[in-house]
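The block underneath contains the structure these notes are about, expressed in structure tokens.
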Amino acid sequence: MAYETINVEVSDYIATITLNRPDALNALNRQLLSEVGQALEEADASDKVRCIILTGSEKAFAAGADITEMADLTYVEVASKDLFGGIARRFAATRKPIIAAVSGYALGGGCELAMMCDFVIASETAKFGQPEINLGVIAGMGGSQRLTHAVGKAKAMDMNLTGRFMDAAEAERSGLVSRVVPAKKLMEEARGAADKIAAKSALATAAAKEAVNRSFEVPLAEGLLFERRLFHALFATEDQSEGMAAFREKREAQFRDR
Ligand code: CO8
């Protein structure tokens, strides 16, 4: 499908979705979010894709929701319309792992979009923030919830109340991002991680993703039970036999998603 606000490239089982509104620092307007949702659905359905990378430009992953598009909306319009097309639901519905590769600004909805991904790899230039408070509003797509889960109350409160940005080193220390690399190495690092994921059994990566995500929704005992049941279920797969046989035979496993 032809997109106007994103680029999508598929190679070696990795779909790379690049936000592309350079004049507005990749600000998230309705069209862009709808296109990202569509691209996720296509990647999830494609046999040629085993892992997805979401990225922006060197200067900005995304500087937030498009303020020009939001500025004149009324309460009724914001409350009655699904303003950004249920983008969080479209991320949640994606079974394949999604890596956010963040360089430059990831602010407001941009930070929230990165947090909808399964994990975040950041360049040393990355800056995360929830500056909605400066606009007289608050975060609306997870900045008060997912950020608090990721970095804890103290830092989430600080960022949501003062609007200050977190640099990449602080984001890594706080658990918001999994790795930080020099800007020039960002895509190489993200592709390396995606390559590793793509080489696993897709049944196992989907189960691992589901199990970790479950930990945010249910109490520990329920989460542990869910994990155990998925673990048991994977013993019904050929990939479990292959993975363990390959270990014993000291060779690379050849997973077939069966
Ligand atoms: N929306 C629209 N346009 C933007 C945005 C944005 N969020 N951010 C930057 N731009 C535009 C600028 O207006 C400018 O355009 P122009 O050249 O036409 O004037 C261009 O991008 C370049 O930006 P700057 O000149 O400002 O670049 P600087 O390097 O000087 O500054 C900053 C970079 C610090 C990132 C600055 O642009 C900035 O502060 N941007 C706004 C950040 C922000 O407040 N983000 C939060 C937005 S609100 C939000 O995300 C709420 C989400 C929840 C929605 C819930 C729905 C249910």
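The values are calculated or read from the model by the stated rules, or taken from the named source; none is laboratory data. Source: prediction; values computed, not measured. Backbone-built Cβ (ideal geometry, glycine too); neighbour counts: all protein chains shown. The protein model used for the area step is the full one, side chains on, heavy atoms only, and it has no ligands, DNA or RNA in it. Shrake-Rupley method; radii C 1.70, N 1.55, O 1.52, S 1.80 Å.
Be a star and scan segment 176-209 for residues whose amide nitrogen sits under 14 Å from the point 7 Å along the Cα-to-Cβ vector of A246. From segment 176-209, the list is 195-205.
Farthest towards the positive end of the charge dipole of segment 116-258, among the residues H149, S123, A139, is the Cα of S123, using unit charges on the Cβ of Lys, Arg, Asp and Glu.
From the Kirkwood radius over Cα pairs of the chain, Stokes-Einstein at 4 °C and 1.567 mPa s returns a whole-number translational diffusion coefficient of 68 µm²/s.
A simple charge model with +1 on the Cβ of Lys and Arg, -1 on the Cβ of Asp and Glu and nothing else charged puts the dipole of the chain at about 760 debye relative to its Cα centre.
Taking each DSSP H run with n ≥ 4 as -39500 (n - 2.57) and averaging over every residue of the chain yields -13000 deg cm²/dmol at 222 nm. Per residue, the accessible area of segment 75-213 comes to 47 Å², computed with a 1.4 Å probe over protein heavy atoms only. The aspartates and glutamates whose alpha-carbon is closer than 15 Å to the alpha-carbon of K200, local same-chain residues fewer than 8 away aside, are D12, D47, E238, D239, E242, E252, D257.
Placing R0 at 22 angstrom, the Cβ-Cβ distance between N20 and K184 gives a FRET efficiency of 0.65 after rounding to 0.05. Taking every alpha-carbon pair within segment 142-215, the share separated by more than 18 Å comes to 56 percent. Comparing I6, V78, S241 along the charge dipole axis of the chain, the residue lying farthest to the positive side is S241, per the Cβ-charge model. Between I138 and A206, the FRET efficiency from the beta-carbon distance, with R0 = 25 Å, is close to 0.15. A straight Cα-to-Cα reach below 25 Å connects K196 with the lysines K48, K96, K184, K185, K209, K250, residues fewer than 8 places away in its own chain not being considered. Compute the acute angle (0 to 90°) between the alpha-carbon long axis of helix 202-214 and the principal axis of greatest extent of the alpha-carbon atoms of the chain; round to the nearest 10°. With rounding to tens, the tilt is 50 degrees.
Taking the accessible area of segment 1-142, probe 1.4 Å, and keeping the other protein chains in place, the carbon and sulfur fraction comes to 52%.
Explain nothing, just the number: dipole magnitude of segment 103-186 about its Cα centre with +1 on each Lys and Arg Cβ and -1 on each Asp and Glu Cβ, in debye rounded to the nearest 20.
140 debye
Spatially, segment 198-246 and segment 1-77 are offset by 29 Å when compared through their Cα centroids.
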